[in-house]
């Protein structure tokens, strides 16, 4: 877990998001991207080694024309290495990575402010290179005073 939440890995994620944002946005037929070796090797190998087999847990099974999968919602019963990866995927550094990858340099405008204002748990948002005006950023900040907004408008 230590390597997942390190400053070094957070910096790597920030660089990666900035480098790959255009590739993500321009992918066809819809925005998407994949990353080889995204997680630190040690964390990924530990999670794979400890990941439970289908018969080891009481999985919920979905099997229909749209999906064939197993689901499990008792994260506290998963092995520590798997919980660590799940925790990381919901952590602030990961959310910042996704915000930078997905929102920066988009056509997001002031029209999005009412919808963004409803995201009361949002802590940080990256709006560099968007169509938001200074007035839109100000209105968002007023609606969510605790929100850290990274923007290129004043």
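A few remarks follow.
- In the set (1) free of Cβ contacts under 8 Å to residues at least 24 places away in the same chain; (2) within 25 Å of residue 152 (Cα to Cα), residue 73 fails one condition alone, (2).
- Any chance residue 54 is in a loop (DSSP other than H, G, I, E, B) and in contact with a strand residue (DSSP E or B) (Cβ under 9 Å, 6 or more places away or on another chain): yes
- In region 125-140, the qualifying residues are those that are in contact with a strand residue (DSSP E or B) (Cβ under 8 Å, 6 or more places away or on another chain) and either in a helix (DSSP H, G or I) or touching a residue at least 40 places away in the same chain (Cβ under 8 Å) (or both), and the one that is surrounded by the fewest Cβ atoms within 10 Å (Cβ to Cβ) is 137.
For every residue, the table says whether it meets (1) in contact with a strand residue (DSSP E or B) (Cβ under 7 Å, 6 or more places away or on another chain); (2) closer than 28 Å to residue 7 by Cα; (3) touching a residue at least 12 places away in the same chain (Cβ under 8 Å).
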{"position": "86", "(1), (2), (3)": "no, yes, no"}
{"position": "89", "(1), (2), (3)": "no, yes, no"}
{"position": "97", "(1), (2), (3)": "no, yes, yes"}
{"position": "101", "(1), (2), (3)": "no, yes, yes"}
{"position": "105", "(1), (2), (3)": "no, yes, yes"}
{"position": "113", "(1), (2), (3)": "no, no, yes"}
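- Residue list for region 110-129, filter: touching a helix residue (DSSP H, G or I) at 6+ places or on another chain (Cβ under 7 Å) and over 23 Å from residue 12 (Cβ atoms): 110, 113, 116, 117
- Exclusive hit being farther than 30 Å from residue 14 by Cβ, surrounded by 11 or more Cβ atoms within 10 Å (Cβ to Cβ) and out of contact with any helix residue (DSSP H, G or I) (no Cβ under 6 Å at 6 or more places or on another chain), set 48, 39, 57: 57
- On inspection, residue 45 passes the criterion of being on the phi < 0 side of the Ramachandran plot, without any contact (Cβ under 8 Å) to a residue 60 or more places away in the chain, more than 13 Å from the chain's Cα centre (by Cα) and outside the structural domain of residue 126 (by TED's automatic domain parsing).
- Residue list for region 71-90, filter: exposed (fewer than 14 other Cβ atoms within 10 Å of the Cβ), under 20 Å from the mean Cα position of the chain (by Cα) and assigned to a helix (DSSP H, G or I): 75, 86, 89
The values are calculated or read from the model by the stated rules, or taken from the named source; none is laboratory data. Computed from a prediction, not measured in an experiment: that's the story for all the values here. Because the Cβ atoms are built from the backbone with ideal geometry, glycine has one as well, and the counts that use them run over all protein chains shown.
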